[in-house]
Every structure is written in structure tokens, then in C-alpha cells.
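Shown next, in C-alpha cells, is the structure this report addresses.
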Amino acid sequence: MMAICFHGDPIMRYSAFSVFLNALRGNRTWQPAWRSPVPKTHYDVIIIGGGGHGLATAYYLAKEFGITNVAVLEKGYVGSGNVGRNTTIIRSNYLLEGNNPFYELSMKLWEGLEQDFNFNAMVSQRGVLNLYHSDAQRDAYTRRGNAMRLHGVDADLLDRNTVRQMLPFLDFDNARFPIQGALMQKRGGTVRHDAVAWGYARGADMRGVDIIQNCEVTGIRRENGRISGVETSQGFIGCGKLAMAAAGNSTTVADMVDMKLPIESHVLQAFVSEGLKPFIDNVVTFGAGHFYVSQSDKGGLVFGGDIDGYNSYAQRGNLATVEHVAEAGVAMIPALSRVRVLRSWGGIMDMSMDGSPIIDRTPIDNLYLNAGWCYGGFKATPASGFCYAHLIAKNEPHETGRAFRLDRFARGRMIDEKGVGAQPNLH
Amino acid sequence: MASLIACPHCGPRPKEEFTVRGDAGITRPEPDAGADAWHAYVYLRDNPRGRHREHWHHTSGCRRWLIVERDTVTHAIYSAVDAAATGETA
């Protein structure tokens, strides 16, 4: 019996049976999901940032590439950054060549993730609908849907009546932006974001990775043109390779090695309403403004809009943006006007110059960069971790992450999904 | 963000009247300055945690370009001056 419920080390493998067994023991024998180790003096790989991407990278480094002498340094606690601050949406409905296969890899990893890391992340493929409001927008969505299908991704163009049957509460006859239909990706949906961080943390820790919380990197030590380690709030830690996954703080870390990035940090707010009875079954996005909404299993509406628009490292936003998001929401779903917002919060986005991320080597030989996720990083977590682990382990980019190069701006190889140019607050 | 920006021409005005452009530390290179200089101008930005100088446009006011110095953590604004007064161009 012990062999079934234990995984070979003190951390228990989760299953219906282990829940039952622990209940019989009065729930006194559950183990912490990961250790709180004292940092070693040296690691093969140090990852700066214990967010979703950093933890996923550590997990895949250990699981797929057999590199287990790894530390993840997190300045706060696991889940305190963007991985616990997003609107939990997953989708792979991208148009462009460099993006589409990458986000589809992520979607495939989401589909197998819970079995893979033995943690209930509440992956819910409830469908993502992007509403369109004009003939031109329908044509653009048709083009995007066709691009997705050519890459083997599911996409359905829905007409007005089909959308009306699914989502009767939308403002179909809005005088300015009547709803004509939607582009739907049925495999898109939501995932419980905290559980993603916890699942990857536990899976990495189980394979020998040290997750060191409350450990802020304050400096990077260089010897003979290579990184030798990092100064931290818990002292110096040496490393063979250093991998940045610091999201909104990427610039702060890059400044430690005098590397200037094509990134600005911006604040994005998200919101959750009071608990309501189930009425929004899918993820729905407004095509006439920036608004996206889904309903959590607790009944709260989880929604968000645009970034505030100015550089910020404060994890809080501005009331003007709150008003703007609320207006867009009510324009899309008039019934929202009487819903009370329970809370709002902000996260710091590493907005890149073309709206697409960077997973690449840097001019310093053993320093790697994972940044520029703008406000689309959550859905990318598994593929980002997988491709970044591949890059760190083999010193070669994974084939689906090849386009996300740091030098693409200098080489004219931008991946500008929105086509707005080098203005980060417009992406 | 602070709620008000003290425009040197119009006085303290709601920040919703203004449009932010970003890093005021970059200057337009000469046409023949070379690819590296142009790459830096178009794509690389100072993105400090703390004091930052930015171009803001008083779009719904005097329509002058300003250089606003503010803190990206506390959102406090230290100063706002007309961009032409500093002699800097973007």
C-alpha cells in the first residue's frame, strides 16, 4: 500500500486514494508540497524568478533534460507575482508564423499538464470566443482562423445566431458596435493560475530542484566575461549557467550586467466580481474595446482590459483604467452594470517592442534571457518553460521558440501580432 | 500614477488630459548614424525602477510636449517642464 501512495520520497503522490487514506489518518500526515532548502554554494543552473515561467523551466530542466542541480530564486513567495495575478486564460489563437506553433505547443502541454505533474490545475477547455462587430473585423478573424487551421489549431467562425444561442446576454444590437459573430477556439479556456505555480514548484522540487523563496538577487558577479554567480539577500550563490525569468523586473536584472532591453514595464489591472450563479460558460472577449471575461468556479467574474499605459513598477493601477474597463464590460454585457466588483489588483508586465516574447541567449555566454511576455505570459507558461529549458540545457533554441530572438529587432524580424510598431504601451 | 500633472502652461490638470510617449532620454540620431544607433533609438529604452524622465503630451490642453520626471514605484511626480525649454528633441 505504501508503494502505491508514495512516490519514492517523502512527498506523497496525489490521487483519490491518497485523499482517502489521509482522511482516514485525520489529515495529519500530509507533507509540505515542496521543501524550504538553505541555498547551496553552487548550482549548475540558477533561475532568477520563481514565477510560472521560472518554475516551469526548472521542472522541464529536471524532467526532460535531466538537469537537477538547479535553484530557483524568488524574491517574494511562490505565486506572489504575475502567475497569481492574471485572468487565467489559455488559448492558441495566434496569426503569425513565429507565434502560432509556440502557443499551440503550450496548449498541448496544458492538455496533459495535470497528469504530467500530478496536480489538479483545474484545466478547463471551455472555449474562447473573440467577438466581431464589423465586416472588416469578420474578415480579419476569418484570416486568423484560417492561419490557425493551417497550423493544425482548432478554429470556428460563428455567426450571430450561433453566438446568440450560446451567449444570449450580450448586447447584440448595440447601436455603435452590433455583434455580428465570433471566432471561437473550443480548446481554449481557463486554468487555475495558483495551482500552476504550485504544481510546477512541487514537480521541480520532487526532482531535486531547490526553490528558494524570499531570496532577492541584488547583483550578478562576472569573471572573465562569464557569469560566476549571483549576490542575493541570502548571500552569494555560484552557478554554471544563469537564466533570467524575472518578467516585469527583467530590466532591473538586466541592468546588473549593463544589458539594455527592448522592454518597458507597465502595470496591468485585473478584477473579480462578487460570486454569481453560473451565467458565462466560456471566455468571451469584446472586439470593439479591450475587455475579456470568464466566470470562476466560485462564481466570481474574472475580467480585465488594457494596461494603464505608463511605465510602472507598482503592483497597483489607476481608477481611470478601472472606469474604462467597466465601460467596455457594460457595453458588451449590459447586465454587468449591477454587478459589484469584489477586488482589483495589478501586475507588472514586461512589454516588448513588438508585443512578442524573447527566449534567447545573450551576449554573455552563460546568461540566458526569458522576457517580454507583455500581458500574455500565463497561457505560454508550459511552452515557455519547455523551450527555455531546452535552450539552457542544449544551448540551442527549441524549434518552436526559434523566432523569439533578442536580435530580431536589429534584424527586422519583428513578430508584431497587432501591427502597431515599436510602442510597447500599444501592444 | 499621480492624479494631477502640473503643466507649466496650464497648471495642475488631471492626468487623463495627457498622453504618455515614454523615455525622454533617447534622441533622434543623424540619418547616417548607422544601424546600431537607429536600433537603439527605435527599440531600446531606459526602464528604471524609481525616477524616470518621460515625454508626455498635454493632448487635451495646451498640446505642448512636456518632460515629466516621476517615480515608477510610488508614481509621485517631481517635475514637469516644457520639452522645448530643455532644448531636447525626440
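I want to confirm something. Restricting to the stretch B:26-53 and keeping residues that are closer than 22 Å to A:ASN249 by Cβ and exposed (fewer than 14 other Cβ atoms within 10 Å of the Cβ), which single residue is nearest to the other protein chains (Cβ to nearest Cβ)?
Looking at the filtered set, the residue picked out is B:GLY50.
Name the single residue that is farthest from the chain's Cα centre (by Cα) among those in the stretch A:104-135 being within 30 Å of A:ASN174 (Cβ to Cβ) and outside any loop (DSSP other than H, G, I, E, B). Show your work before the answer.
Within the stretch A:104-135, the subset within 30 Å of A:ASN174 (Cβ to Cβ) is A:124-135.
Filter again for outside any loop (DSSP other than H, G, I, E, B), leaving A:124, A:128-132, A:135.
Numbers: A:SER124: 15, A:VAL128: 16, A:LEU129: 19, A:ASN130: 19, A:LEU131: 23, A:TYR132: 25, A:ASP135: 32 Å.
So the residue we want is A:ASP135.
With respect to A:ALA410, is the statement that it is away from chain B (no Cβ under 14 Å), assigned to a helix (DSSP H, G or I) and either within 21 Å of A:LEU61 (Cβ to Cβ) or without any contact (Cβ under 8 Å) to a residue 40 or more places away in the chain (or both) true? Full working, then the answer.
Numbers: away from chain B (no Cβ under 14 Å): no; assigned to a helix (DSSP H, G or I): yes; either within 21 Å of A:LEU61 (Cβ to Cβ) or without any contact (Cβ under 8 Å) to a residue 40 or more places away in the chain (or both): yes.
For A:ALA410, the condition - away from chain B (no Cβ under 14 Å), assigned to a helix (DSSP H, G or I) and either within 21 Å of A:LEU61 (Cβ to Cβ) or without any contact (Cβ under 8 Å) to a residue 40 or more places away in the chain (or both) - is not met.
Yes/no matrix, rows are residues, columns are (1) among the aliphatic types (A, V, I, L, M); (2) at the interface with chain B (Cβ under 10 Å from one of its Cβ atoms):
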{"position": "A:ARG221", "(1), (2)": "no, no"}
{"position": "A:ASN224", "(1), (2)": "no, no"}
{"position": "A:THR232", "(1), (2)": "no, no"}
{"position": "A:ILE237", "(1), (2)": "yes, no"}
{"position": "A:LYS260", "(1), (2)": "no, yes"}
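Quick check: is even one residue across the stretch B:80-89 within 13 Å of another protein chain (Cβ to nearest Cβ), touching a residue at least 12 places away in the same chain (Cβ under 8 Å) and out of contact with any Lys or Arg (no Cβ under 6 Å at 6 or more places or on another chain)? Steps first, please.
Taking the stretch B:80-89 as the starting set, the residues that turn out to be within 13 Å of another protein chain (Cβ to nearest Cβ) are none.
No - not one qualifying residue is present in the stretch B:80-89.
Name the residue that is farthest from the other protein chains (Cβ to nearest Cβ), counting only residues in the stretch B:1-25 that are assigned to a loop (DSSP other than H, G, I, E, B) and free of Cβ contacts under 8 Å to residues at least 40 places away in the same chain.
B:GLY25
Find the residue count for the stretch A:396-407, including only residues that are crowded, with 24+ Cβ neighbours inside 10 Å and not in a loop (DSSP other than H, G, I, E, B).
Taking the stretch A:396-407 as the starting set, the residues that turn out to be crowded, with 24+ Cβ neighbours inside 10 Å are A:401, A:404.
Imposing the further condition that a residue be not in a loop (DSSP other than H, G, I, E, B) reduces the set to A:401.
Total meeting the criteria: 1.
Within the stretch B:54-79, take every residue that is in contact with a helix residue (DSSP H, G or I) (Cβ under 9 Å, 6 or more places away or on another chain) and in a loop (DSSP other than H, G, I, E, B) and give me the one that is farthest from the other protein chains (Cβ to nearest Cβ).
B:ARG64
Given the condition farther than 30 Å from A:ALA140 by Cβ and touching a residue at least 24 places away in the same chain (Cβ under 8 Å), answer yes or no: does some residue in the stretch A:298-309 qualify?
Scanning the stretch A:298-309 turns up at least one residue that is farther than 30 Å from A:ALA140 by Cβ and touching a residue at least 24 places away in the same chain (Cβ under 8 Å).
Matching residues to (1) in contact with a His (Cβ under 6 Å, 6 or more places away or on another chain); (2) not β-branched (Val, Ile, Thr):
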position	(1), (2)
A:ALA320	no, yes
A:MET332	no, yes
A:GLY355	yes, yes
A:ILE359	no, no
A:LYS379	no, yes
A:ARG402	no, yes
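So which residues in the stretch A:310-326 are more than 8 Å from chain B (Cβ to nearest Cβ), surrounded by 22 or more Cβ atoms within 10 Å (Cβ to Cβ) and under 20 Å from the mean Cα position of the chain (by Cα)?
A:GLY317
Does any residue of the stretch A:167-178 turn out to be within 14 Å of chain B (Cβ to nearest Cβ), farther than 24 Å from A:ALA140 by Cα and either in contact with a helix residue (DSSP H, G or I) (Cβ under 8 Å, 6 or more places away or on another chain) or part of a loop (DSSP other than H, G, I, E, B) (or both)?
No.
Can you name the residue in the stretch A:268-283 that is of a type in the set (A, V, I, L, M) and more than 19 Å from A:GLU323 (Cα to Cα) and, of all such residues, is farthest from the chain's Cα centre (by Cα)?
Ranking the qualifying residues of the stretch A:268-283, first place goes to A:LEU276.
Of the residues that sit in the stretch A:240-258 and are under 18 Å from the mean Cα position of the chain (by Cα) and part of a strand (DSSP E or B), which one is nearest to the other protein chains (Cβ to nearest Cβ)?
Checked the stretch A:240-258; the qualifying residue nearest to the other protein chains (Cβ to nearest Cβ) is A:MET244.
So which of A:THR29, A:THR41, A:THR68, A:THR57 ends up being over 30 Å from A:ASP139 (Cα atoms) and either modelled with pLDDT under 95 or of a type outside the set (Val, Ile, Thr) (or both)? Don't jump to the end; show me each part of the working.
Working: A:THR41 fails: either modelled with pLDDT under 95 or of a type outside the set (Val, Ile, Thr) (or both); A:THR68 fails: either modelled with pLDDT under 95 or of a type outside the set (Val, Ile, Thr) (or both); A:THR57 fails: either modelled with pLDDT under 95 or of a type outside the set (Val, Ile, Thr) (or both).
Checking each option against the conditions leaves just A:THR29.
For a quick check of your reading: which strands (runs of 3 or more DSSP E) sit entirely within the stretch A:285-395 and have at least 2 residues that are in contact with a Lys or Arg (Cβ under 8 Å, 6 or more places away or on another chain)?
The strands (runs of 3 or more DSSP E) meeting that bar are A:341-352, A:358-361, A:367-371.
The values are calculated or read from the model by the stated rules, or taken from the named source; none is laboratory data. No experiment lies behind these values; they were computed from the predicted model shown. With ideal geometry, Cβ positions are generated from the backbone for all residues, glycine too; neighbour counts draw on all protein chains shown.
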